[in-house]
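**Student:** Can you read through this structure? Questions will come right after.
FYI, it's all coordinate maths here, none of it is from the lab. It should be emphasised that the depicted structure is a prediction, and the values quoted were computed from it without experimental measurement. Because the Cβ atoms are built from the backbone with ideal geometry, glycine has one as well, and the counts that use them run over all protein chains shown.
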Amino acid sequence: MPRPQIEFIQSQALPWKRGLYGGARPDVRSKILSIDRQVGDSSVLIKYPKGWRRSSKEYLTADEEIFVLEGSIRIAGIDYGKQCYGYLPAGYERQRASSRNGAIVLTFFSATPEAVAGKAARGFYDKRGLVKFLNTRDMPWGGMADGGELDPQINAGSGVKSLRVDPDTDDWTFLYAAMAQTHPDGWRGKLESHTVVEEMYQLGGDLAGDRGIMRPGAYFWRPPGINHGPYGSESGSLGFFRTQGGMLFNDWSRNKVPFKYNPRYRPKLPKDLKKYAREVRPGGTSY
């Protein structure tokens with residue numbers, strides 16, 4: 001079934017499980033943040049142990065999108081360190097892969113990931129989707145993926161680093177940062193909604209909204225058409241965002257609604273995640 005609304009769960013509350021669903025990497029640990037059990041697409045945290053290695057040529061049957069949270073991982077001769085990004089389409093050849101000192105990697109699969117030895121058959125690999133490597137720390141803060149300006153109704157002290165736009169669907173992956181704000185209405189004081197799926201993993205700072213205060217490690221998956229907000233942050237906020245179903249645009253409510261910088265935690269979670277619903281305090285790890 002399609003992924004349900006998850007808004008929001010702190011990933012620290014989820015247990016690490018041995019291996020990765022689909023069986024491609026039995027020697028790692030993982031946390032599934034959200035998954036479509038029918039199609040197999042997912043959002044996952046993967047913990048690679050010190051000394052992890054793949055020494056033979058292989059490819060995955062699913063697209064793999066990665067953002068390194070801690071440590072580093074080497075794939076097909078490229079070193080992905082902290083805050084480095086890549087989008088490796090299904091069939092992308094990996095001659096070798098390893099992690100010398102271990103890594104925590106935020107990972108997204110387009111289907112159940114299965115590892116296949118050797119080289120993919122002709123036509124299976126679509127290189128148009130490849131984003132081989134980005135060091136996001138070296139990228140400037142800018143506006144929308146098409147070069148346009150951010151919605152003027154969003155906090156003026158915000159910026160985007162656009163990481164990828166799908167060549168067929170316009171699905172968008174980006175980093176979004178916002179400066180601290182102490183205005184009584186937060187950033188805008190209005191509800192917003194989108195015509196696309198929006199998901200986010202909180203990387204830094206805090207983000208207060210209608211479901212509580214999201215701190216590093218907070219994750220949400222929001223289907224289209226769901227009103228949310230308003231939002232504000234007393235320390236600034238940094239998040240990793242993805243859309244499904246196209247580019248992200250904002251539909252604002254006409255009137256303002258009440259906003260608090262200290263909202264209570266009231267998550268909207270599927271039954272299997274409710275037992276993991278808990279707040280976290282500032283500090284500590286985000287996974």
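**Student:** What are the extents of the Cα atoms of region 15-137 along their three principal axes, in Å, largest first?
**Tutor:** Result, largest extent first: 35, 32, 27 Å.
**Student:** In whole percent, what relative contact order does the chain give with Cα contacts below 8 Å and a gap of six or more residues?
**Tutor:** Rounded, it is 20 percent for the chain.
**Student:** Non-local amide H neighbours of Gly245 (under 5 Å, H modeled in plane, Pro and chain starts lacking H): which ones?
**Tutor:** Distant-sequence amide H within range of Gly245: Asp171.
**Student:** With a 10 Å radius around each residue's Cβ, average the other Cβ atoms per peptide and rank 72-80, 193-201, highest first. Display every interim value, and only then the final one.
**Tutor:** Numbers: 72-80: 17.1, 193-201: 19.7.
My ranking of the peptides, most packed first, is 193-201, 72-80.
**Student:** In whole Å, how far is the Cα centre of region 154-192 from that of region 212-282?
**Tutor:** 12 Å
**Student:** Moving on to the next point. In 5 Å bins starting at 0, how do the alpha-carbon pair distances of the chain split up by percent?
**Tutor:** Taking all Cα pairs of the chain, the binned fractions are 1, 5, 11, 17, 19, 17, 13, 8, 4, 2, 1, 0 percent.
**Student:** Could you give the dipole magnitude of the chain about its Cα centre, charging the beta-carbon of Lys and Arg +1 and that of Asp and Glu -1, in debye to the nearest 20?
**Tutor:** Magnitude of the dipole: close to 1280 debye.
**Student:** Could you point to the residue in Ile213, His228, Gly189 farthest towards the positive end of region 142-287's charge dipole, with +1 and -1 charges on the Cβ of Lys/Arg and Asp/Glu respectively?
**Tutor:** Towards the positive end, the residue furthest out is Ile213.
**Student:** Here's another thing I want to ask about it. What's the ranking of 110-122, 179-191 by average number of surrounding C-beta atoms within 10 Å, highest first?
**Tutor:** Numbers: 110-122: 14.6, 179-191: 16.9.
Packing order, densest peptide first, comes out as 179-191, 110-122.
**Student:** Using square roots of five times the C-alpha gyration tensor eigenvalues, list the equivalent-ellipsoid semi-axes of region 157-287 in whole Å, biggest first. Show your work: numbers first, answer last.
**Tutor:** On the way: eigenvalues 93, 67, 53 Å².
Working through the eigenvalues yields semi-axes of 22, 18, 16 Å.
**Student:** Which cross-chain or sequence-distant (5 or more) residues have an amide H under 5 Å from the amide H of Asn101, H modelled 1.01 Å from N in plane?
**Tutor:** It is Gly51, Ser72, by chain and number.
**Student:** Roughly how many whole Å is it from the C-alpha centroid of region 77-125 to that of region 21-51?
**Tutor:** When both Cα centres are located, 13 Å separates them.
**Student:** Follow-up question, since we're still on this one. Once Lys and Arg get +1 and Asp and Glu get -1 on their Cβ, which of Ala120, Leu106, Pro26 lies farthest toward the positive end of the dipole of region 15-137?
**Tutor:** Pro26
**Student:** In addition: Going toward the positive end of the dipole of the chain, with +1 on Lys and Arg Cβ and -1 on Asp and Glu Cβ, which of Ala180, Ile78, Pro282 do you reach last?
**Tutor:** The one lying farthest along the dipole's positive direction is Pro282.
**Student:** Using the Cα centre as the reference, give the magnitude of the dipole from point charges on the C-beta atoms of region 15-137 (Lys, Arg: +1; Asp, Glu: -1; all else neutral), rounded to the nearest 20 debye.
**Tutor:** Values: 22 positive and 12 negative charges, 103 e Å.
So the magnitude is around 500 debye.
**Student:** Still on this model: Add +1 for every Lys or Arg and -1 for every Asp or Glu among the other residues with Cβ under 12 Å from the Cβ of Ser11, and state the total. Can you show the working numbers first?
**Tutor:** Numbers: positive: Lys31, Lys47, Arg215, Arg278; negative: none.
Counting the neighbours of Ser11, the net charge comes to +4.
**Student:** Quick one: which of Lys17/Lys57; Lys82/Lys132; Lys82/Lys161; Lys161/Lys190; Lys47/Lys82 span more than 19 angstrom between C-alpha atoms? Intermediate results must be reported in sequence, preceding the final value.
**Tutor:** On the way: Lys17/Lys57 26 Å; Lys82/Lys132 15 Å; Lys82/Lys161 16 Å; Lys161/Lys190 24 Å; Lys47/Lys82 13 Å.
Going by Cα-Cα distance, Lys17/Lys57; Lys161/Lys190 fall outside the 19 Å limit.
**Student:** Dipole of region 158-273, Cα-centred, from +1 at each Lys and Arg C-beta and -1 at each Asp and Glu C-beta, to the nearest 20 debye?
**Tutor:** On the way: 15 positive and 13 negative charges, 106 e Å.
Using Cβ point charges on Lys, Arg, Asp and Glu, region 158-273 gives about 520 debye.
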